[in-house]
Every structure is written in structure tokens, then in C-alpha cells.
């Protein structure tokens, strides 16, 4: 790891990354419905946005959005976040929580379309910052039909073990994407619609653009697994 800068903004840590090798689209995006694009580790506006349930930053979740065009529907089979593990690559307990929401606005989390807690699949992307980046994916136990509209997605990895020494220092963040490299249907992601909800930081469904510059807060590196049904 090298040439790493930290930007502190309203108590929320953004990790700007400037080292690592490029890689292709996530292998777990099959069938690939949407992918926002890779983190660009050469761009000063690249960042890992706090997204974790850890001893350091509990219940802190970042959400990315996708807009399904009117008169269309998709069958969502799973989704994934590109997560930077600052510390040990470990989930404790071994799993993640996930949510899908609709109607989110500034200060309002909208309504829950689906949620759960389950095991996750982890695959390294080959990119490196303050720690390695992994694709963290969940395959839904029951696929969800999403009709036309905008939906917000979250996967939050935990490290909460009271007797697990790594949980005292581990922090996790979801990558942004500034150039949409290796993206698929990136036009489905509305720009500047990334939100964070965190009691520890006093942030109640805050738009990331209130906390970061327009390039950093534009698009999230995440994806949807499934297919178009209409």
C-alpha cells in the first residue's frame, strides 16, 4: 500500500486511493443486470465511503441507487458492493446485512422493499488502498421483482466481536467510481444519489454530496445480479 491520503469530512472518513492494478468486471455479476464501474485508484477523487457495523463506526451504512425505466421490470437475484477492508479481511459475525429501499430523500429513508442478514460471497478485485478491495455479494434467498422506479441498495459488513481483537480497529468502506471503468448499464445509476445513515456521525439519511465534492459523491461501485423480465 502506498501513496494513500485520508480526507476527514464531518467525522466521516473518505479514503482516497492512488495505488493498485486495474481488473475486469466482477466475476460475481452473473447474470449481470447492472454494474456502476470500477474504483479508479489513480484519481484523486476516488474514495472508500464509510459502510460498516464495527466497534469503531457502528450502524453506518452507505446506499447506492438504480433507476429502472418506466414500464420495465427486473428480477433481482442478488447484488454486491465493492468493499475496502482497512485491516483484516474478516466478517464477525460471518455475514452481512442488506437492504433495498424506495422513496429515499434527504433526511428520509423512505420505505423498505427488502432486507435481511445472511452469509456473503467474497472475491478479491486486485485493487488495493488502505486495504484490499473485495466484491462482497449476497444471493437473495427469494428473488425480488422490481418495477419501474428508483431503488437504493446497501450491504453492510460487520466486525462486532467483543473478544475479537481485529474488531477494535477494522474499518470498512464501499468504493466509489469516477470513470465507470468496466461498467455495465451504468446509465441506470442516477448521479449524486448516494446516501449515508449513521447515528454515530449524527447523519440522518444524508446525501454524500453534502459531505464530499461532486466527483467523489457522483457514483457508487456496486452492482445488481438478475435479469430484465419486461
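The values are calculated or read from the model by the stated rules, or taken from the named source; none is laboratory data. For clarity, every value in this text was computed on a predicted model and none was experimentally measured. All Cβ positions, glycine included, derive from the backbone under ideal geometry; neighbour counts span all protein chains shown.
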- Message: Suppose we filter 131, 149 for residues that are within 17 Å of the chain's Cα centre (by Cα) and surrounded by 13 or more Cβ atoms within 10 Å (Cβ to Cβ); which single one remains?
- Response: 131
- Note on the structure: Residues of segment 1-34 being within 18 Å of the chain's Cα centre (by Cα), at pLDDT below 50 and either outside any strand (DSSP E or B) or under 12 Å from residue 82 (Cβ atoms) (or both), in sequence order, are 17
- Task: Would you point out which residue out of 215, 230 is assigned to a loop (DSSP other than H, G, I, E, B), touching a strand residue (DSSP E or B) at 6+ places or on another chain (Cβ under 8 Å) and surrounded by fewer than 19 Cβ atoms within 10 Å (Cβ to Cβ)?
- Result: 230
- Message: Could you tell me how many of the residues in segment 115-128 are surrounded by 16 or more Cβ atoms within 10 Å (Cβ to Cβ) and within 17 Å of residue 61 (Cβ to Cβ)?
- Response: 1
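Got a sec? Which strands (runs of 3 or more DSSP E) wholly within segment 35-114 have at least 2 residues that are buried (at least 22 other Cβ atoms within 10 Å of the Cβ) and touching a residue at least 60 places away in the same chain (Cβ under 8 Å)?
Where strands (runs of 3 or more DSSP E) fall fully within segment 35-114 and carry at least 2 residues being buried (at least 22 other Cβ atoms within 10 Å of the Cβ) and touching a residue at least 60 places away in the same chain (Cβ under 8 Å), they are 48-50, 60-86.
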- In segment 173-195, how many are over 17 Å from residue 150 (Cβ atoms) and touching a helix residue (DSSP H, G or I) at 6+ places or on another chain (Cβ under 7 Å)? 1
- Residue by residue through segment 115-126, note down the ones that are touching a residue at least 12 places away in the same chain (Cβ under 8 Å) and in a strand (DSSP E or B). 115, 116, 117, 118, 121, 122, 123, 125, 126
